[in-house]
Amino acid sequence: MERLIVKLSVKLGFGSPPDWAILLIIGLIAGIILLVFILLYEGLATYIERKVAGDIQVRYGPNRVGPYGILQFVADGLKLFFKEDIIHSQADRLLFRLAPYIVFTGSFVGLAAIPFSVEWYAAKLNVGVLFIVATTSLVVAGLAMAGWAQANKWGLLGGMRSVAQIVSYEVTVGIALLVPIIHIGSLDLQQAVLYQKKGWGILGWNIFHDPFTFIAFFIYFIAALAECNRTPFDLPEGESELVAGYFTEYTGFRFAFFFMAEYGDMFVVSALASCLFLGGWHIPFIEELIKIPVLKNILGSIVLIAKVVVLILIMMWFRWTYPRLRIDQLMALNWKRLIPIGLLMLLCASLWDLVFNGKRIFELLGIIK
Amino acid sequence: MKAIKEIGWAIKTLIVGLLITAKYWFKPGSEITVQYPDERLMSFPRFRGILFNDVERCTGCGICKMTCPIDCIEIESYGKGKARRPIHYAIRISECMFCGLCVEACPEECLIHTDRYEGSVYELKDLYYQFVSEEQKKRFMELAEKGIPVKEEKK
């Protein structure tokens, strides 16, 4: 990649480029690829969400635009793009304009740390997990800004709720993520995936490492749902109480940004779960047989995305099954149940590491070597 | 101990809920939505749809106009006695509230409710339903002058 850029630069007559320019160009290319990918994914995710909703509620869902309504998201995107952008007179204009970008950036930047395959990743971060946890928390700032800036009681309440919720559940997410990290011994996501190579690509997964990581996965998943503001934790945008919560006054493309941020968050959170708990890009059973590196990369990213899609489908399934929690139930669930259990799991996992020298439960049982 | 029991119960009930929705999710052809412009439901019998007057049988008595609580029926009769005919019969359907009093009152049972329920149009004047065409008006005036009663003309 770097050699290609140097060659191109010399050919075009710019001479040999400095190091920072190479870094910038590679970063831009990676960013554009990820942006295109995430936009396409978000469009399809909204379509699939509506289809799942339709199937569960015994109706069709979108079926007018294109075959099976698959172009519905294009039509929706165009509609949002051409809609009038209203900023009402009482709003804090600067914060109002800034908030959607911060929310979207917070959900999008997390993708940089996710390894899609052995060689395909945007940034080699040795603190990838920390980076993703930090960027998903950045969303809170944007949501609070959006809630405050629109000078609307629903917006303000939604913003406050989302801050209270995400800040509390951030603690749970952190604790739940520490459980596999104790076994891996690194915050690097690539390392985490490589650690799970044993056992035909399935039994080596961290979720099957010991009973405590198994429970930690579910704790992480519940907390992650709350972090994405998904049902049953979608109080910040509970339409029966708050109209639309923190984006009540937003229209047109600014509204779309919030929408995309929600789906982007879902992707990042699910990708983190698949990398840390579900074996990341490891191809089950046939990984050893594939010799061509490019094919390995492509299949690896397909496997990772498939895992992410399954998790997202489960999130959608939850959304159309469960009613919303009350705000005190939400807080009680976090502080009285998830965090104590998480801490217990952390303690037990540390002891497991100490007693069994970091061996997996299937290794102890003699199923894998 | 109580907390552990509670968690167990919570997990059990959550799974039950998920299985119920999953049953509908993966059941093919369970959609009960009627795809409206492509397929239409028939209205049930005795449905009070848009009014229609079979003016060939109408005697122009004007009882419908009298019973109408909101005066949306216009009728103009011509001729005397049994040979009386309507030469102008119109319903401003935009004002009609489909109470059905006119249909009940009609002695000839020529004013009826159809099963039509799609009344949307682009202009208000399209909601002024006229039932007597110009030809019919001419014919009815001739018949009325000749003194032929409505029922005998049919034979």
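The values are calculated or read from the model by the stated rules, or taken from the named source; none is laboratory data. Keep in mind the model is a prediction, meaning the values are calculated, not measured. Using ideal geometry, Cβ is built from the backbone for each residue, glycine included, and neighbour counts are taken over all protein chains shown.
Take A:PHE37 and tell me if it is at pLDDT 85 or above, more than 21 Å from A:GLY106 (Cβ to Cβ) and surrounded by fewer than 17 Cβ atoms within 10 Å (Cβ to Cβ). No, not satisfied.
Scanning segment B:69-83 for residues that are surrounded by 19 or more Cβ atoms within 10 Å (Cβ to Cβ) and closer than 16 Å to B:LYS151 by Cα turns up B:GLY79, B:ALA83. Looking only at residues of segment B:1-25 that are of a type outside the set (Gly, Ala, Ser) and within 8 Å of chain A (Cβ to nearest Cβ), we find that the one that is nearest to A:VAL52 (Cα to Cα) is B:TRP25. Of the residues contained in segment B:92-101, none is found to be of a type in the set (Asp, Glu), surrounded by 12 or more Cβ atoms within 10 Å (Cβ to Cβ), in a loop (DSSP other than H, G, I, E, B) and more than 20 Å from the chain's Cα centre (by Cα).
Considering only residues that are surrounded by 16 or more Cβ atoms within 10 Å (Cβ to Cβ) and more than 21 Å from B:ILE93 (Cα to Cα), which ones fall in segment B:109-136? The answer is B:GLN136, and nothing else. Pairing residues of segment B:84-99 that are touching a residue at least 24 places away in the same chain (Cβ under 8 Å) and aromatic (Phe, Trp, Tyr) with residues that are surrounded by 15 or more Cβ atoms within 10 Å (Cβ to Cβ) and not in a loop (DSSP other than H, G, I, E, B), at Cβ distances under 6 Å and at least 6 apart in sequence or on separate chains, gives B:TYR89/B:ASN53; B:TYR89/B:ILE75.
Within segment A:276-330, the set of residues being in a helix (DSSP H, G or I) and β-branched (Val, Ile, Thr) comprises A:VAL294, A:ILE298, A:ILE302, A:VAL303, A:ILE305, A:VAL308, A:VAL309, A:VAL310, A:ILE312, A:ILE314, A:ILE327. Checking every residue in segment A:283-306 against the condition of being away from chain B (no Cβ under 14 Å), more than 23 Å from A:LYS51 (Cα to Cα) and among the small types (Gly, Ala, Ser) gives at least one match. A:MET266 fulfils the conditions (1) part of a helix (DSSP H, G or I); (2) under 30 Å from A:TYR41 (Cα atoms); (3) in contact with a Phe, Trp or Tyr (Cβ under 9 Å, 6 or more places away or on another chain) except for a single criterion, (3). Scanning segment B:26-68 for residues that are surrounded by fewer than 10 Cβ atoms within 10 Å (Cβ to Cβ) and more than 14 Å from chain A (Cβ to nearest Cβ) yields B:LEU41, B:MET42, B:PHE44, B:PRO45, B:ARG46.
For every residue, the table says whether it meets (1) buried (at least 19 other Cβ atoms within 10 Å of the Cβ); (2) over 27 Å from A:LYS336 (Cβ atoms); (3) not aliphatic (A, V, I, L, M).
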residue	(1), (2), (3)
A:ILE166	yes, no, no
A:THR172	yes, no, yes
A:ALA192	yes, yes, no
A:PRO211	no, no, yes
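Residue-level check: of (1) of a type outside the set (Val, Ile, Thr); (2) surrounded by 14 or more Cβ atoms within 10 Å (Cβ to Cβ); (3) in contact (Cβ under 8 Å) with a residue 12 or more places away in the chain, A:ARG337 misses just (3).
From the residues in segment A:124-143 that are over 16 Å from the mean Cα position of the chain (by Cα) and touching a residue at least 40 places away in the same chain (Cβ under 8 Å), which one is farthest from A:ARG97 (Cα to Cα)? Checked segment A:124-143; the qualifying residue farthest from A:ARG97 (Cα to Cα) is A:ASN126. Screening B:VAL132 on (1) within 15 Å of B:LEU51 (Cβ to Cβ); (2) in a loop (DSSP other than H, G, I, E, B); (3) at pLDDT 90 or above shows it passes everything except condition (3).
Across segment A:282-309, the qualifying residues are those that are in contact (Cβ under 8 Å) with a residue 12 or more places away in the chain and small (Gly, Ala, Ser), and the one among them that is farthest from A:PHE116 (Cα to Cα) is A:GLY300. Within segment A:81-94, not a single residue is without any contact (Cβ under 8 Å) to a residue 24 or more places away in the chain and within 27 Å of the chain's Cα centre (by Cα). Quick check, is B:TYR117 under 16 Å from B:LYS65 (Cβ atoms), among the hydroxyl-bearing types (Ser, Thr, Tyr) and either in contact (Cβ under 8 Å) with a residue 24 or more places away in the chain or touching an Asp or Glu at 6+ places or on another chain (Cβ under 9 Å) (or both)? No: the conditions fail for B:TYR117.
Looking at segment A:49-83 only, could you name the residues that are within 14 Å of chain B (Cβ to nearest Cβ), surrounded by fewer than 18 Cβ atoms within 10 Å (Cβ to Cβ) and among the β-branched types (Val, Ile, Thr)? Result: A:VAL58, single match. Answer with yes or no whether A:MET345 is among the hydrophobic types (A, V, I, L, M, F, W, C), under 16 Å from the mean Cα position of the chain (by Cα) and within 14 Å of chain B (Cβ to nearest Cβ). Considered against the rule, which asks whether it is among the hydrophobic types (A, V, I, L, M, F, W, C), under 16 Å from the mean Cα position of the chain (by Cα) and within 14 Å of chain B (Cβ to nearest Cβ), A:MET345 comes out as no. Against the list (1) surrounded by fewer than 17 Cβ atoms within 10 Å (Cβ to Cβ); (2) within 14 Å of chain B (Cβ to nearest Cβ), the condition A:GLU119 fails is (2).
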